[in-house]
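Written below as structure tokens is the structure these notes are about.
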Amino acid sequence: MTIHHFLSLTALLLSNAVAYGQQKDTLTLAADTVQVTTGADTIWKPSPKKASIYSAICPGLGQIYNHKYWKVPIVYVGLGFCAGSVIYNARNYKHYKDKYIYMLDHNLTEYQNQSLAEVKWYKNTHKRYRDLWAIITAGFYALQIVDASVDAHLYDFDVSDDLSLIVDPVLSPFEPGGYSFGLRCCLNF
């Protein structure tokens, strides 16, 4: 380090002391009415949009994001059962379709103790159930996305102990001198 660099650095560090010699500002501002909250003061609330996107990307992730961990096994058991049903019916459909084609190619009316009509019925039934379970699987997938979104919307919904529904039988006087029977529903909240 040359002497020139040393003097420049020393002058730069000592020039900061000049700033303390200035006069204090006498201008005062009125208090602001806006309350500023820090990160520690805010309460976390899930975003329905994020919950939906997370559930669409990975089933059950929206439920985890909403801190509803108990719903994750339900999501995976439901999707697993639906997907398993699709696979089961797809395999049986393929088996009976191949058997049906084999019987038609060889002009067989009965093969392995099953008639041609039975094999055709099993083939069509498994195809119908395969398609039905595929639709149910897609519906269950959509349902878990909707569940995550609704759960995020209702995250701070207050369900207090005051909620009650009382249903009582009622005997009301009727105009022509008779009585009418009914039920009275009283909702307390």
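Within the stretch 136-162, the set of residues being surrounded by fewer than 10 Cβ atoms within 10 Å (Cβ to Cβ) and at pLDDT 80 or above comprises D156, F157. Just one of the listed residues (V86, V119) is under 30 Å from V150 (Cα atoms) and at pLDDT 95 or above, namely V86.
Answer yes or no as to whether N92 is over 30 Å from K50 (Cβ atoms) and crowded, with 17+ Cβ neighbours inside 10 Å. Considered against the rule, which asks whether it is over 30 Å from K50 (Cβ atoms) and crowded, with 17+ Cβ neighbours inside 10 Å, N92 comes out as yes. Out of Y155, Y102, one residue alone is assigned to a loop (DSSP other than H, G, I, E, B) and either among the hydroxyl-bearing types (S, T, Y) or in contact with a Leu (Cβ under 6 Å, 6 or more places away or on another chain) (or both). It is Y155. The single condition among (1) in contact with a strand residue (DSSP E or B) (Cβ under 7 Å, 6 or more places away or on another chain); (2) in a helix (DSSP H, G or I); (3) not aliphatic (A, V, I, L, M) that Y141 does not satisfy is (1). Of all residue pairs spaced 6 or more apart or on separate chains, those with beta-carbon atoms under 6 Å, a first member in the stretch 89-110 that is farther than 9 Å from H126 by Cα and a second member that is outside any helix (DSSP H, G or I) are M103/Y111.
Against the test of being over 30 Å from V72 (Cα atoms) and aromatic (F, W, Y), the options Y88, Y122, Y155, Y129 yield a single qualifying residue, Y122.
Candidates Y88, Y54: the one that is within 17 Å of A152 (Cα to Cα) and among the aromatic types (F, W, Y) is Y54. Residue count for the stretch 151-189 under the criterion of being under 30 Å from K50 (Cα atoms) and free of Cβ contacts under 8 Å to residues at least 60 places away in the same chain: the result is 5.
Pick from the stretch 163-186 the residues that are among the aliphatic types (A, V, I, L, M) and at pLDDT 80 or above: which of them is nearest to the chain's Cα centre (by Cα)?
Ranking the candidates gives L165 first.
One residue is enough: does the stretch 63-84 have a residue meeting the conditions in a loop (DSSP other than H, G, I, E, B) and surrounded by 17 or more Cβ atoms within 10 Å (Cβ to Cβ)? Yes: one or more hits.
The values are calculated or read from the model by the stated rules, or taken from the named source; none is laboratory data. On a predicted model such as this, the values are computed, not experimentally measured, just so you know. Neighbour counts run over all protein chains shown; Cβ positions are idealised from the backbone, glycine included.
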